[in-house]
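Engineer: Submitted below is the structure of interest, expressed as structure tokens.
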Amino acid sequence: MSDSIRIGFVGAGNNTRAKHIPGLQKIAGVELLGVCNRREESTQKIASEFGIPKTYSNWKDLIADDRIDAVVIGTWPNLHCEVTVAALEAGKHVLCEARMARNLAEAKQMLESARKHPELTAMIVPSPFGLVHGDYLKSILAHGFIGELRELVVLGADDSFWDYSQYLHPRQDRELSGLNTMTLGILHETASRWVPETEQVYAQSKIFEPQRPVDSQSELAEVTVPDSLHVLTKLAGGARGLYHISGVSLFGPGQQIHLYGSEGTIKVHFDPKWEQGEQVLTGRIGDTALKILELPENERGKWQVEEDFIAAIRGEKPVTLNNFDTALKYMQFTEAVHRSSQEQAPVSLPVE
């Protein structure tokens, strides 16, 4: 590899265009060399917009190009496993968009391939939720701010899929998105940074609007991902969890994570309209009400995915959010939730 790290993009979705490309462009010694999107027209548009000199009609050609050092995968999860494995086998570093894969079997293939190539950086884009206050919360939890954790409440309920006249979204198509249900994966990943591992899940789900129109098609398509999900969990150490994930909740609570302990409470609210994207409320024994956590700027975290990826490639620091081992754990969780919902029975983790 030359002194410059040359990047190729397989799939340039919203997150890639909004964050990965601009973030990588700011890093000295990084060259955006090539791109392959799903359609030729969009490939050319992205190349022109961001000044990427090389385009490919097939992602396999990008992987095979010896000039490419690292691959950023911004497709839907249906291609994550295939592209990741091919890139690692070709000697390329990989930054793959979340969710890691469609299911646990694909995620395990990706992890196995990464372990065969320890000299390569293999990273999954982390949940952006909780990055501002996350390290601080982890610190005060470790020092007993809420005492013994008793209950975890995870809310991801809004009306994003309430209007059934809207076109079928890729997140409602299991072939594209896999077993993850709406915001289940991203919120569980975030909560997992602060609480013990989940040992058991018991889930129920429902598809309230089973059909949707599809752009340029006269027939309706089947919705294959639930639009309502409830999960009860048991965590290591004895705490209990409750997840309410829904896309059909008019005036629902949005995205929140609550931690209730023997001596205090932490509530984290997420909303992209806010300046920091999140707000934290805390309270302890003796307080009369929850208080907004005002964290000094020098203690706040931030989105630095692209910097972390390049730093890992250069050997400056290891991947923390997220390596493939960490990502496999949330894939274990989403797999267990799916199986429990299908079997109508509790499922213990890890699952095989």
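The values are calculated or read from the model by the stated rules, or taken from the named source; none is laboratory data. Keep in mind that what you see is a predicted model, and the values were worked out from it rather than measured. Counting neighbours? That spans all protein chains shown, and the Cβs are built from the backbone with ideal geometry, glycine included.
Engineer: Within the range 191-202, is even one residue hydroxyl-bearing (S, T, Y), closer than 26 Å to C81 by Cβ and assigned by TED's automatic domain parsing to the domain that holds V280? Write out each step before concluding.
Structural biologist: Just the residues of the range 191-202 that are hydroxyl-bearing (S, T, Y), to begin with: 192, 198, 202.
The next check asks that each one be closer than 26 Å to C81 by Cβ; those that pass are 192, 198.
Now restrict to residues that are assigned by TED's automatic domain parsing to the domain that holds V280: 192, 198.
Among the residues of the range 191-202, at least one is hydroxyl-bearing (S, T, Y), closer than 26 Å to C81 by Cβ and assigned by TED's automatic domain parsing to the domain that holds V280, which makes the answer yes.
Engineer: Moving on to the next point. Which residues, counting only those in the range 272-286, are among the charged types (D, E, K, R) and either closer than 13 Å to Y136 by Cα or touching a strand residue (DSSP E or B) at 6+ places or on another chain (Cβ under 7 Å) (or both)? Please lay out each step first, then the result.
Structural biologist: Quick first cut of the range 272-286, residues among the charged types (D, E, K, R) only: 273, 275, 278, 284.
If the condition is that a residue be among the charged types (D, E, K, R) and either closer than 13 Å to Y136 by Cα or touching a strand residue (DSSP E or B) at 6+ places or on another chain (Cβ under 7 Å) (or both), then E278, R284 are the ones that fit.
Engineer: Name the pairs whose Cβ atoms lie under 7 Å apart, with the first residue in the range 1-26 and in contact (Cβ under 8 Å) with a residue 24 or more places away in the chain, the second aromatic (F, W, Y), and 6 or more positions between them or separate chains?
Structural biologist: Close Cβ pairs (under 7 Å, with a partner that is aromatic (F, W, Y)) amount to V10/W59; T16/F9; K19/W303; I21/F50.
Engineer: In addition: Of all the residues that make up the range 307-352, how many are of a type outside the set (A, V, I, L, M), part of a loop (DSSP other than H, G, I, E, B) and within 28 Å of A28 (Cβ to Cβ)?
Structural biologist: Within the range 307-352, the first condition is being of a type outside the set (A, V, I, L, M), and the residues that meet it are 307-309, 314-318, 320, 322-326, 329-330, 332-335, 338-344, 346, 348, 350, 352.
Going one step further and asking which of them are part of a loop (DSSP other than H, G, I, E, B), we end up with 314-318, 320, 322, 344, 346, 350, 352.
Add one more test, that the residue is within 28 Å of A28 (Cβ to Cβ), and what stays is 314-318, 320, 322.
Within the range 307-352, residues that are of a type outside the set (A, V, I, L, M), part of a loop (DSSP other than H, G, I, E, B) and within 28 Å of A28 (Cβ to Cβ) number 7.
Engineer: Quick check on this structure: which one of K92, K19, K45 is within 17 Å of R314 (Cα to Cα) and of a type in the set (K, R)?
Structural biologist: Values: K19 fails: within 17 Å of R314 (Cα to Cα); K45 fails: within 17 Å of R314 (Cα to Cα).
From the options K92, K19, K45, the qualifying one is K92.
Engineer: Which is without any contact (Cβ under 8 Å) to a residue 12 or more places away in the chain and among the acidic types (D, E), of E263, E297? First the steps, then the outcome.
Structural biologist: Values: E263 fails: without any contact (Cβ under 8 Å) to a residue 12 or more places away in the chain.
Testing whether each residue is without any contact (Cβ under 8 Å) to a residue 12 or more places away in the chain and among the acidic types (D, E) leaves just E297.
Engineer: Please tell me if Q25 is polar (S, T, N, Q), surrounded by 13 or more Cβ atoms within 10 Å (Cβ to Cβ) and under 20 Å from I313 (Cβ atoms).
Structural biologist: Numbers: polar (S, T, N, Q): yes; surrounded by 13 or more Cβ atoms within 10 Å (Cβ to Cβ): yes; under 20 Å from I313 (Cβ atoms): yes.
Against the criterion (polar (S, T, N, Q), surrounded by 13 or more Cβ atoms within 10 Å (Cβ to Cβ) and under 20 Å from I313 (Cβ atoms)), Q25 qualifies.
Engineer: Still on this structure, please answer the following. Only residues that are assigned to a loop (DSSP other than H, G, I, E, B) and either within 16 Å of the chain's Cα centre (by Cα) or in contact (Cβ under 8 Å) with a residue 40 or more places away in the chain (or both): list them for the range 153-168, please.
Structural biologist: Hits for the range 153-168 are D158, D159, S160, F161, W162, Y164, S165, Q166, Y167, L168.
Engineer: Kindly list the number of the only condition in (1) surrounded by fewer than 24 Cβ atoms within 10 Å (Cβ to Cβ); (2) over 23 Å from P350 (Cα atoms); (3) not β-branched (V, I, T) that fails for H93.
Structural biologist: (1)
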